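The values are calculated or read from the model by the stated rules, or taken from the named source; none is laboratory data. All values reported here derive from a predicted model rather than from experimental measurement. Cβ placement follows ideal geometry from the backbone for every residue including glycine, while neighbour counts extend to all protein chains displayed.
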């Protein structure tokens, strides 16, 4: 794996280079020093972290932070400054700084700085990996050839893929606000009898944590009836309570065609 790339900005070129050198000495990074924030900006496209001074002519560290956040909202930004005050720290936090560290004469400051930088980079990459995985899962759910609906603890729909939205006549903007038993669709038993609230599959899973497999129902939407085959499964939190219910279903015709 290639070393992480760090951009160091300080209006004193010698200090910018010293910071870069010390970061390379204390961690597996490639660091480059700049004395002008504007010159550093093009290099942020490939950077994993920014370390910046505060008190600089032309553009302060906080102004530089705002510029970086506009272009790279999640890029780690460490304010490494000789100007220490609660006001500066508070402003930096409000503008989205990742870490705030005051310069000192202690030689160990660079080890501390390196630890802050490496930890920030690790979190940054972990969050990016998690976002990629989340995007992948969302694409799989959206493209899968069955209907998928996810409900929260109140029975409200929080996720529905395209097939489910089309079958249930459910616009995307209605997600998060529709309860299973108060929606425009009606769920009935196979004989057409409307189910009581407690008998709805989501309610049963929420109440008992049970898994449902191959259950048959009838969905009525705008006077159109569709027979469906349904599976439902709880997603349980660390405390053992059901946090989500995943429902997967398809019309009986689709199931029969697949079986045949």
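Working carefully through the options 94, 90, 85, find the one that is modelled with pLDDT under 90, assigned by TED's automatic domain parsing to the domain that holds residue 8 and loosely packed, with under 11 Cβ neighbours inside 10 Å. Before the answer, list the steps.
Details: 90 fails: loosely packed, with under 11 Cβ neighbours inside 10 Å; 85 fails: loosely packed, with under 11 Cβ neighbours inside 10 Å.
Only one candidate passes the filter, namely 94.
Quick check on this structure: which one of 207, 250, 196 is crowded, with 17+ Cβ neighbours inside 10 Å and either farther than 13 Å from residue 153 by Cα or touching a helix residue (DSSP H, G or I) at 6+ places or on another chain (Cβ under 9 Å) (or both)?
250
Is it true that residue 177 is modelled with pLDDT of 85 or more and either in contact with a strand residue (DSSP E or B) (Cβ under 7 Å, 6 or more places away or on another chain) or over 24 Å from residue 251 (Cβ atoms) (or both)?
Criteria not met by residue 177.
Can you tell which of 149, 141 is farther than 29 Å from residue 18 by Cα, in contact with a strand residue (DSSP E or B) (Cβ under 6 Å, 6 or more places away or on another chain) and at pLDDT below 85?
So the residue among 149, 141 that is farther than 29 Å from residue 18 by Cα, in contact with a strand residue (DSSP E or B) (Cβ under 6 Å, 6 or more places away or on another chain) and at pLDDT below 85 is 141.
List, please: which pairs have Cβ atoms under 9 Å, are six or more places apart or on different chains, and start with a residue in the stretch 202-214 that is farther than 20 Å from residue 186 by Cβ and end with one that is at pLDDT below 90 and surrounded by fewer than 17 Cβ atoms within 10 Å (Cβ to Cβ)?
As it stands, the answer is 207/198; 209/240, since those pairs meet every condition given.
For residues that are without any contact (Cβ under 8 Å) to a residue 40 or more places away in the chain and within 16 Å of residue 121 (Cα to Cα), scanning just the stretch 17-27, find the one that is surrounded by the fewest Cβ atoms within 10 Å (Cβ to Cβ).
24
Does residue 3 qualify as being under 28 Å from the mean Cα position of the chain (by Cα) and surrounded by 18 or more Cβ atoms within 10 Å (Cβ to Cβ)?
no
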